[in-house]
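Report on one structure; see the data block that follows.
We did not get these values from a lab; they are worked out from the coordinates using the rules stated. What you are looking at is a predicted structure, and each value in this text was computed from that prediction instead of being measured. Reconstructed Cβ throughout: ideal geometry from the backbone, glycine too, with neighbour counts over all protein chains shown.
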Amino acid sequence: MLPDQRQFVIDLDDSGVRASPTTTLDKRYVERLVRQRVHQPVFRARVLNAYGKRCAICTLKYAELLDAAHILPDSDERGLPVVTNGMAMCTIHHRAYDQNFLGVSPDYTVHINERLLADRDGPMLEYGLQAMDGKRLELPSRRDDAPDREFVAERYAAFSV
């Protein structure tokens, strides 16, 4: 509270710092206990290898920028860390997939959310996402590594809502 200025401040986060461009922040750290998915590095390696270390959406080939995106989430009991429950995606496509801005239909066609298709926001949106609408997913060379169509259909139903 700032009684002399007849104002009070409401903090919108738990930092206790009033956000302004001139606020000096102390560099502080806390230690936290976290649950770590120990299977994730092996899952990532297997998925990326199945896809030839390329994004299944745009074919970006820089492994440092690629993720193994789960079709059914890791939290789902059926969301096992197996290649058929994953797709290699660059970080932008993975994030768009997780946020339902990007969907993959059971025939392995990429679909972009209508809101994103209607927006105009520069080259990343235009070439990185909008241009992918209607594109066929780049599948693994081994047929046995292809995404599970039932899982893709279930996930796509959530995108289509």
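Would segment 100-161 count as rounded, prolate or oblate if I go by the C-alpha gyration tensor, calling it rounded below 1.5 in a/c and otherwise prolate when a/b exceeds b/c, oblate otherwise?
Here segment 100-161 falls in the oblate category.
Report the net charge of residues surrounding Met124, where surrounding means a beta-carbon distance below 15 angstrom and charges are Lys +1, Arg +1, Asp -1, Glu -1.
-2
If you take the beta carbon distance between Ser75 and Arg6 as r and set R0 to 30 Å, what does 1/(1 + (r/R0)^6) give as a FRET efficiency, to the nearest 0.05?
Computed FRET efficiency for Ser75 and Arg6 comes out at 0.05.
Is the C-alpha gyration tensor of segment 32-83 telling us rounded, prolate or oblate? Criteria: a/c under 1.5 is rounded; beyond that, a/b larger than b/c is prolate, otherwise oblate.
Verdict is prolate for segment 32-83.
So if a site counts as exposed when it's one of the GluC sites (Glu not before Pro), its DSSP state isn't H, G, I, E or B, and it has at most 11 other Cβ atoms within 10 Å, what's the longest stretch of the chain without one? Kindly include the intermediate steps, with their values, before the conclusion.
Numbers: sites that count: Glu31, Glu77.
Result for the longest clean stretch: 78-161.
With P(r) over Cα pairs in 5 Å bins from 0, in percent in mind, check [x] 1, 7, 13, 15, 16, 16, 14, 9, 5, 2, 1, 0; [y] 2, 9, 19, 22, 21, 15, 8, 4, 1, 0; [z] 1, 8, 14, 17, 14, 10, 9, 9, 7, 5, 3, 2, 1, 0, 0 and report the label derived from this structure.
[z]
Between Thr109 and Thr59, what is the label-point separation in nm under the 7 Å Cα-to-beta-carbon projection?
2.0
In terms of Cα to Cα distance under 16 Å, which aspartates and glutamates are near enough to Lys53, apart from those fewer than 8 places away along the same chain?
Glu64, Asp67, Glu138, Asp145
Explain nothing, just the number: relative contact order of segment 44-153, from Cα pairs under 8 Å at least 6 residues apart, as a whole percent.
30
Return the calculated 222 nm mean residue ellipticity for the chain, to the nearest 500 deg cm²/dmol, obtained by summing -39500 (n - 2.57) across DSSP H runs with n ≥ 4 and dividing by the residue count.
-6500 deg cm²/dmol
Show me the trypsin sites (Lys or Arg not before Pro) within segment 52-161 that DSSP assigns to loop and that have at most 11 other Cβ atoms within 10 Å of their Cβ. Could the numbers behind the result be given before it?
Values: sites: Lys53, Arg54, Lys61, Arg78, Arg95, Arg115, Arg120, Lys135, Arg136, Arg142, Arg143, Arg149, Arg155; in loops: Lys53, Arg54, Lys61, Arg78, Arg120, Lys135, Arg142.
The qualifying sites are Arg120, Arg142.
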